[in-house]
């Protein structure tokens, strides 16, 4: 290209995913869109859903937005955006409480399974842990940990690879090389997992494997990357969860790193274990 950078493929790629990258995929600068081009919101999800009236909706929207501690500015915002709003009627809140509003939100979440790309089933299993007993002639005791939630990695792969974001996935690994315009010297560039020697070697090995009976589709590698860390749920208290995340290395790191890319997929949630209970076994 104009920067004297070339790609070297061992096999003919079926397509170039970089040709599908749009400016908004690489920039944080918002790009305005005409209102008439925006998707139509289903009638059932329009305000005041999931509440009974606009007064409840406006108050709950105020409660769950803004700062964690309501300041003078927040109170002024309450007056401007809620109380002074033409849709706000104090009589609607005669028997309304914040707890009721949160309950309505929790129940409304049950309907999210009808949203596209949220149908991957979660499963709960027990995990058996053998605890050694420091006594001769005594076998270990089994400690059962409930509450391990997970979903099938295969199902997630099928879901993502069947989505519109799949157009940005690299299926054919390659070497990226810079050619010095003055000396002609070639320098290998390493910047993505799919440009590594390991991926190229694995891809070449896969091409030598026999096809599935009756299948003429190209054989490609799904690069899976996993991370896990504890996530604090509240500003006060100790409530936390320990999720397992999965990313696809087929997707450029410049797209994966964007918070709104949807490139992070939850695979499991690990339960906490009481060490006090283990010591008393």
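The values are calculated or read from the model by the stated rules, or taken from the named source; none is laboratory data. A quick note: this is a predicted structure, and the numbers were derived from the prediction, not measured. All Cβ positions, even for glycine, are placed from backbone atoms using ideal geometry, and neighbour counts span all protein chains on display.
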Next on the checklist: Tally up the residues in segment 1-50 that are at pLDDT below 85 and touching a helix residue (DSSP H, G or I) at 6+ places or on another chain (Cβ under 7 Å), please.
Outcome noted: 8
Checklist entry - So is residue 233 more than 25 Å from residue 11 (Cα to Cα), surrounded by 11 or more Cβ atoms within 10 Å (Cβ to Cβ), in the same structural domain as residue 17 (by TED's automatic domain parsing) and at pLDDT below 95 or not? => result no
Checklist entry - Are any of the residues in segment 171-194 assigned to a helix (DSSP H, G or I), closer than 27 Å to residue 3 by Cβ and assigned by TED's automatic domain parsing to the domain that holds residue 21? => result yes
Checklist entry - Counting just the residues of segment 261-272 that are surrounded by 12 or more Cβ atoms within 10 Å (Cβ to Cβ) and closer than 30 Å to residue 132 by Cβ, which one comes out modelled with the lowest pLDDT? => result 271
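Rundown of residues vs (1) in the same structural domain as residue 50 (by TED's automatic domain parsing); (2) surrounded by 13 or more Cβ atoms within 10 Å (Cβ to Cβ); (3) modelled with pLDDT under 85, yes/no style:
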| position | (1), (2), (3) |
| --- | --- |
| 76 | yes, no, yes |
| 79 | yes, no, yes |
| 82 | yes, yes, no |
| 87 | yes, yes, no |
| 90 | yes, no, no |
| 95 | yes, no, no |
| 104 | yes, yes, yes |
| 108 | yes, yes, yes |
| 111 | yes, no, yes |
Checklist entry - Would you pick out the residues in segment 177-218 that are in contact with a helix residue (DSSP H, G or I) (Cβ under 8 Å, 6 or more places away or on another chain) and buried (at least 16 other Cβ atoms within 10 Å of the Cβ)? => result 192, 193, 199
Next on the checklist: Being touching a helix residue (DSSP H, G or I) at 6+ places or on another chain (Cβ under 6 Å) and over 18 Å from residue 217 (Cα atoms) is the filter here; which residues of segment 144-173 pass it?
Outcome noted: 168
Checklist entry - Checking residue 258 against (1) at pLDDT below 85; (2) part of a loop (DSSP other than H, G, I, E, B), which test does it fail? => result (1)
